[in-house]
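Below is one structure, written out as structure tokens; the observations come after it.
Just so it is clear, none of the values below were taken in a lab; they were calculated from the coordinates. No experiment lies behind these values; they were computed from the predicted model shown. Here the Cβ is made from the backbone with ideal geometry for all residues, glycine too, and neighbour counts use every protein chain on show.
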Amino acid sequence: MQRLALFDLDNTLVDRDGAFHRWAAAFVAEHALPEGTAEWLVELDEGGYGPKERLFGAARERFGLTATVPELLDDFRRTLPGLIEAFPGARESLLALAEAGWRIGIVTNGHANQLAKMRSTGLDTLVHGWTISGEFGTVKPDRRIFAACAAACGMDPDGGGWMVGDNAAADIEGGRGAGLATIWLHAGREWPLGAARPDHTVADIPEAVALILR
């Protein structure tokens, strides 16, 4: 196996859900929306997988907001990266991998503002390449996006390596389909019934990197 480690971004290296909660609270305060609205927005967000056009369309209709859906969406995409924080130990763990001679990539589904999240947390300076689905044109679990990220890191797309992520389908099944060993961040969850299990299950990035380096 070549020394290649690919990582998901949201809720793997960075606390995307925490950032969304902070954004929702600020959005409710800005628009003087009723109590309970932040929780409603979080529910519609579906951990980042809910369509944002649907979320803002529903909010606009429910509360009579004057801004258009594209305007609300653009403001959200500008604001969220500034609220993102890397998980404790994530930056230090990536640095340890790089110092040990590993090539590191980030492969993430999402809009082009994923790069702004990397930059706001300094992760862009700690990896050798990245692939963002909104720019690449296909999403995880398509094996092509993993291959593209490996190539962006200067590595052989067919040479193996590791994929670390929190999503069973996108990260673990996708990584396995791309010929990568897999590490799942469980975040206190049970593995989904019926899904092929990951090679390893860990609680956080430092534990994942310690496993890769052992």
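Would it be correct to say that residue 95 is of a type outside the set (Phe, Trp, Tyr), more than 14 Å from the chain's Cα centre (by Cα) and within 26 Å of residue 203 (Cβ to Cβ)?
Here the answer is yes, as residue 95 does meet what is asked.
Any idea which residue in segment 76-103 is nearest to residue 187 (Cα to Cα), counting only those that are touching a strand residue (DSSP E or B) at 6+ places or on another chain (Cβ under 7 Å) and small (Gly, Ala, Ser)?
86
Filter segment 90-120 down to residues that are closer than 17 Å to residue 160 by Cα and assigned to a strand (DSSP E or B), then give me how many there are.
Number satisfying all stated conditions: 5.
Which residues, taken from segment 129-165, are within 17 Å of the chain's Cα centre (by Cα) and assigned to a loop (DSSP other than H, G, I, E, B)?
137, 138, 139, 140, 141, 142
Filtering segment 171-186 down to residues that are touching a Phe, Trp or Tyr at 6+ places or on another chain (Cβ under 9 Å) and part of a helix (DSSP H, G or I), which residue is nearest to residue 49 (Cα to Cα)?
171
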